[in-house]
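Chemist: Got a structure for you, questions after.
The values are calculated or read from the model by the stated rules, or taken from the named source; none is laboratory data. Note that this is a predicted model, so its numbers are computed, not measured. FYI the Cβ positions are ideal-geometry reconstructions off the backbone, even for glycines, and counts take in every protein chain you see. Just the protein is used for accessible areas: all its heavy atoms, side chains included, with ligands, DNA and RNA removed. Shrake-Rupley method; radii C 1.70, N 1.55, O 1.52, S 1.80 Å.
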Amino acid sequence: MQITKQLCGETVELKVEGRVDGYWADHLAAAVDQEIRQGSHHIQLDLSQVAFLSSAGIGTLVRLYKDLKSIQGSFAVSNCSRNVLKVIQLSKLEDVLVAKAMPESLSTNEAGKSSIVEATAPTSITQIERSGALYEVYPLASESKLECRRLGDATLLERCGFGKEHGRTMEFSDCTFAIGLGALGEHFEECRGRFGEFIAAGGAVAYLPTDGTNIPDFLVAGGTTLPEVHVCYGIACHGANPQPFSSLIRFEAKKSSEPVALSLLLESCLDLSSAQRIGIVMIAESAGLIGAALRRSPIMAAPDPNAFEFPRIRDWLSFTAERAHAKSVVLLAGIALRGSAEALAPVIRPFSNASSAELAVAGHFHAAAFSYRPVQRGQVDFRTSIKALFEGQALEGILHLLSDDRTLSGGGQSELVRGACWIAPISKITTEGAEA
């Protein structure tokens, strides 16, 4: 099979020569997927030089059509041979897969653009470029603020000091996002051997059990029923219903630049929101994550003040020796701030160095990695996007994100290609009834 590429405005046209059968269909899918990963969401296929199209090939075309339609992109066969058209017609998919003829008066550039389906977006979008990335700011609800609550005592983890009395059962609505140490289960005793990193957002909760299976698990809200999480410690941010976020920030690394380091992205979000502390939920295409995850539940062990000291820490934590979950789509949630962390100090870690402590970015983030799907461009809905991740993609792992210069790659930073960040300033911080 030979595939050649041509740009028509914002549409990529791939001209295919050869057979699209059970073997070559995977090669065609890989070529289209590569274009999608590079940011092309409008793709057409010229199959005029394809002599044979099998049912496996038809299945591939339908899958690509659905993938791009789900992110408001477009996919069509712009031209096809007689044999290809016959197979498409027999499958009753001509109206779905075959592009309608363009008027001859349209130029090549106009024809490419005419097939694009764009999401409706507000007219007051702000677009800027900084540090090798492009940003678009979509206003959502300018008055929205988040209330942030620190849950439990994170310092107990350092000595495995958690007991049943430190646990709490919680439900998180789709206006709340949270991260921390928790488990899904019927009651605390049933969960005690499985407590690990969790992330909750948009009415869904995912966590990484520490029972030796190393298989992440999740629950998604159904109707008015919310999943229960047994929490040892964490951070929860709550906003107003129906719109908890003040703005949506889209970002994308320029084609000539490296992926966006998490610290630079957090700096940009803080600057664009004109706030010193913000809550963020993000869906992004990953170039690799740096982080750690618990190996064992701290509830199962007797209190030990030296449990997390070297070298015994290796029995308790697994670290990413190099960036993990590259070419995945990830759900991130957490808080970022500059200056004093106040009541959040026990759960805040640095993400960047700066000339002064007031400029350095710190925070706490967890990430859930899923099988790849392109992130829809333009303005996207928070709840719908998260639900689509959990219902349509495979959950592959969960990490507590770190900035770690000991990695073999030497960067020490999680990196992202493009994505959507829902953010809002944090107006109030509470912990065990006290306010900051």
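Chemist: With only alpha-carbon pairs counted, each pair once and no self-pairs, how large is the Kirkwood hydrodynamic radius of the chain in angstroms?
Modeler: With all distinct Cα pairs of the chain included, I get 23.3 Å.
Chemist: What residues qualify as long-range amide H neighbours of Ala424, i.e. H under 5 Å apart, gap of 5 or more or another chain, H built at 1.01 Å from N?
Modeler: Ser246, Gly279
Chemist: Next up: Quick one: length gained pulling Leu90 to Ala321 fully straight, 0.36 nm per residue minus the C-alpha distance?
Modeler: The span from Leu90 to Ala321 would gain 78.0 nm if fully extended.
Chemist: Mind ordering 175-182, 14-21, 308-315, 216-223 by average Cβ neighbours within 10 Å, highest first?
Modeler: Ranking the peptides 175-182, 14-21, 308-315, 216-223 by packing returns 175-182, 14-21, 216-223, 308-315.
Chemist: Of Ile249, Gly196, His42, whose Cα points farthest to the positive end of the dipole of the chain (charges on the beta-carbon: +1 Lys, Arg; -1 Asp, Glu; origin at the Cα centre)?
Modeler: Ranked along the dipole, the leading option is His42.
Chemist: Determine the percent antiparallel among the DSSP beta bridges restricted to the chain, to the nearest 5.
Modeler: Approximately 85 percent, going by the DSSP bridge assignments.
Chemist: Then there is this: All other residues with a Cβ under 15 Å from the Cβ of Ala29 taken together, and with Lys, Arg as +1 and Asp, Glu as -1, what is their net charge?
Modeler: Neighbour charge sum, excluding Ala29 itself: +1.
Chemist: Can you spot the aspartates and glutamates whose alpha carbon is less than 20 Å from Lys327's alpha carbon? Ignore those fewer than 8 places along the same chain.
Modeler: Asp26, Asp33, Glu35, Asp67, Glu252, Glu258, Glu285, Glu391, Glu396, Glu415
Chemist: Still on this structure, I have one more. For the stretch 221-261, what's the radius of gyration and Dmax over Cα atoms, in angstrom?
Modeler: Cα-based Rg and Dmax for the stretch 221-261 come out at 17.4, 46 Å.
Chemist: Here's another thing I want to ask about it. Cα-Cα over 30 Å: which of Lys15/Lys86; Lys69/Lys254; Lys66/Lys86; Lys254/Lys387; Lys86/Lys254?
Modeler: Lys86/Lys254, as the Cα separations exceed 30 Å there.
Chemist: Can you list, largest first and rounded to whole Å, the semi-axes you get for the stretch 271-398 by taking the square root of 5 times each eigenvalue of its Cα gyration tensor?
Modeler: Listed largest to smallest, the semi-axes of the stretch 271-398 are 27, 23, 14 Å.
Chemist: Under 1.5 on a/c is rounded, so check that first for the stretch 1-40, then, if it is not, pick prolate when a/b is larger than b/c and oblate when it is not; a ≥ b ≥ c are the square roots of the alpha carbon gyration tensor eigenvalues.
Modeler: Taking the square roots of the gyration eigenvalues as a ≥ b ≥ c, the stretch 1-40 is oblate.
Chemist: A follow-up question, please. Can you bin the stretch 313-353 into rounded, prolate or oblate? Criterion: square roots of the alpha carbon gyration tensor eigenvalues sorted a ≥ b ≥ c, rounded for a/c under 1.5, prolate for a/b above b/c, oblate for the rest.
Modeler: Oblate.
Chemist: Translational D (Stokes-Einstein, µm²/s) of the stretch 18-100 at 20 °C and 1.002 mPa s when Rh comes from the Kirkwood sum over C-alpha pairs?
Modeler: 170 µm²/s
Chemist: Please give every one of the lysines within straight-line cross-link reach of Lys145, meaning a C-alpha to C-alpha distance under 22 Å, and leave out same-chain neighbours fewer than 8 residues apart.
Modeler: Lys428
Chemist: On to the next question. Return the single residue from Ser55, Ser352, Ser268 with maximal mean-square fluctuation; model: Gaussian network over the chain, springs between Cα atoms under 10 Å.
Modeler: Evaluated over the chain, the most mobile residue of the options is Ser55.
Chemist: Which whole-number value in Å² is the accessible area per residue of the stretch 1-49, probe 1.4 Å?
Modeler: 46 Å²
Chemist: With each run of n ≥ 4 DSSP H residues scored as -39500 (n - 2.57), what mean residue ellipticity at 222 nm is computed for the chain after dividing by its residue count and rounding to the nearest 500 deg cm²/dmol?
Modeler: Estimated from H runs of four or more residues: -5000 deg cm²/dmol.
Chemist: Just the number, please: carbon plus sulfur as a percent of the accessible area of the chain, 1.4 Å probe, no ligands or DNA/RNA counted.
Modeler: Summing carbon and sulfur atoms, their accessible area is 49 percent of the total for the chain.
Chemist: Considering Cα pairs under 8 angstrom that are at least six residues apart, work out the relative contact order of the chain and quote it in whole percent.
Modeler: Computed over the chain, the figure is 18 percent.
Chemist: Okay, moving on. Kindly identify the stretch 235-301 as rounded, prolate or oblate by the Cα gyration tensor criterion: order the square roots of the eigenvalues as a ≥ b ≥ c, call it rounded if a/c is under 1.5, otherwise compare a/b with b/c, prolate if a/b is larger, else oblate.
Modeler: oblate
Chemist: Can you bin every Cα-Cα distance in the stretch 140-277 into 5 Å intervals starting at zero and give me the percent of pairs per bin, rounded to whole numbers?
Modeler: Taking all Cα pairs of the stretch 140-277, the binned fractions are 2, 9, 16, 18, 16, 14, 12, 8, 3, 1, 0 percent.
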